[in-house]
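Inspection log for the structure reproduced underneath, given as structure tokens.
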Amino acid sequence: MMDSEQNIRLFKNKMKRAGIHELVIDSFLYYYSQLIHGERGYLPEQEILPIKPGTLIEYATLRPFSKQGKKALKQTAVIKLNGGLGTTMGLQGPKGILPAKQNLNFIAITIRQIVALNNQLNIKIPLLLMNSFNTETETQKILKKYPEIKTAIPATFMQNKYLKILQKNFQPVSWPRNPAYEWNPPGHGDLYLSLFTSGILKKLLDAGIRYAFISNIDNLGATLDSSLLGYFASNTIPFMMEAIERTPMDKKGGHIAFRKKDRQLILREMAQTPEQESHLFQDITRHGFFNSNNLWLNLKELYKIIEHTHRLDLPLIVNKKNLIPKNKKTAPVFQLETAMGSAISLFPGSAAVVVPKKRFIPVKKCADLLAVWSDCYQLSETSEILQNPQRTLPPIVINLDEKFYGTYAKLKKRFPAVPSLVQCKSLTIEGDVLFGKDVTIKGDVSIRNRSGKQVFIEAGARIEGDLEF
């Protein structure tokens, strides 16, 4: 192994040649230094305290702040993370352009929500999309269709990139046949530095924008809420996270806790948990609240921190992967990343509010997409995704056979028409099943096709209970 100083020069020179901003290079080398000195970003149980029920503020108590929130909207921007490709759903392009509801994609639904609010209150809320190199071009094509959303603030900015690190010698990866594999996205924690280095943060502040609501583009429940904004602005909170009560379905999502030494709120991801403590991480009776990744940010406070420190010292996440992620024969590498929500630990006076599940409708896999397509949810006049008032059941649980429903194309092929699921509690499908029009599914339903050939559910069918083929 080469000495660390020589390795650092290799990384620095390579990033400079790629045109990476000096602050981003310094940030990467800060985390690289932690890595080579044995830091793996672990946050053990002995250093944190679980959050007891009743400790956090509840969303239901914030309605009186709605009036202040509506006043603060003219000082607020909406930022959506739009850098991801829908590779887990078999897509080659940005996930944000995937049809989500009534043939509207995620970006279009977000735009329509903001336009409705702008028209209602006669304001102009800036919408900003943080793109990656993979999503910028397609996103720009979508935005051209909506000139009414244009403001003096650029509608997109690019996230940065880090170099992958060879595990065997801590040197930069070299892959001349496809140099793109030498780099990795630095996690959505890069948002803050990207805002600063792109000049967008300064532009927002110069335009009188003080607050930002930040969320993932694929979370259809993440709308600009005046009660939350009013509470955030009225109490001059620097950073606020929307937390949700964990269920068994959420046990692998990052949970919040208090840091034992100073009672500061922190976020801990699974990758930051020592392997022997993974059972404690997933214990929802111990750690009862997870991060929705819906965040509220005071932009002045962010600017102060970065201007003072020239970086944002978010907790390190070290991911162990292969150079080509799906090719186990390629070299093992480290990817250095940070999580956006972990900034909660950097702002004294930060807060977390427990919000209802309706503010967390993420589409991470095809089963989630089927639920959103169905009549479990409706698209309101202001383009909000709301639970169908006719549904009196908890959020639906759908499990689909990955072999036949694991990609968007396969899902669309087998559901040319989406069945009624408004009275369905859970749906499990195993094997190849094609659905006709006007199918209704009620209660807990399991459809298992072990015949070895495709089964067709006839148009107009009513299904309750289990089906075996």
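Each value in this text was obtained by applying a stated rule to the coordinates, not by laboratory testing. In this text the structure is predicted, and so the values were computed from the model without any measurement. Cβ: placed from backbone, ideal geometry, glycine included. Neighbour counts: every protein chain shown.
Cβ-Cβ distances below 8 Å connect the following pairs, each with a first residue in the stretch 47-58 that is in contact (Cβ under 8 Å) with a residue 40 or more places away in the chain, a second residue that is part of a loop (DSSP other than H, G, I, E, B) and exposed (fewer than 11 other Cβ atoms within 10 Å of the Cβ), and a separation of six or more residues or different chains: Glu47/Lys261; Leu49/Arg263. Tally the residues that are buried (at least 17 other Cβ atoms within 10 Å of the Cβ), within 18 Å of Thr382 (Cα to Cα) and out of contact with any Ser or Thr (no Cβ under 8 Å at 6 or more places or on another chain), restricting the search to the stretch 78-109. Result for the stretch 78-109: 5.
Pull up the stretch 54-77, narrow it to residues that are small (Gly, Ala, Ser) and crowded, with 17+ Cβ neighbours inside 10 Å, then point me to the one that is nearest to Tyr192 (Cα to Cα). Among residues in the stretch 54-77 that are small (Gly, Ala, Ser) and crowded, with 17+ Cβ neighbours inside 10 Å, the one nearest to Tyr192 (Cα to Cα) is Ala77.
The combined condition, being assigned to a strand (DSSP E or B) and farther than 30 Å from Leu117 by Cα, is not fulfilled by Ile284. Name the residue that is surrounded by the most Cβ atoms within 10 Å (Cβ to Cβ), counting only residues in the stretch 23-36 that are closer than 22 Å to Gly199 by Cβ and touching a helix residue (DSSP H, G or I) at 6+ places or on another chain (Cβ under 8 Å). Residue satisfying both the conditions and the ranking: Ser27.
Please specify each residue of the stretch 290-329 satisfying the condition of being of a type outside the set (Val, Ile, Thr) and assigned to a helix (DSSP H, G or I).
Answer for the stretch 290-329, where residues must be of a type outside the set (Val, Ile, Thr) and assigned to a helix (DSSP H, G or I): Leu299, Lys300, Glu301, Leu302, Tyr303, Lys304, Glu307, His308.
For Val422, the stated conditions do not hold, so it cannot be described as closer than 26 Å to Gln92 by Cα, aliphatic (A, V, I, L, M) and not in a strand (DSSP E or B).
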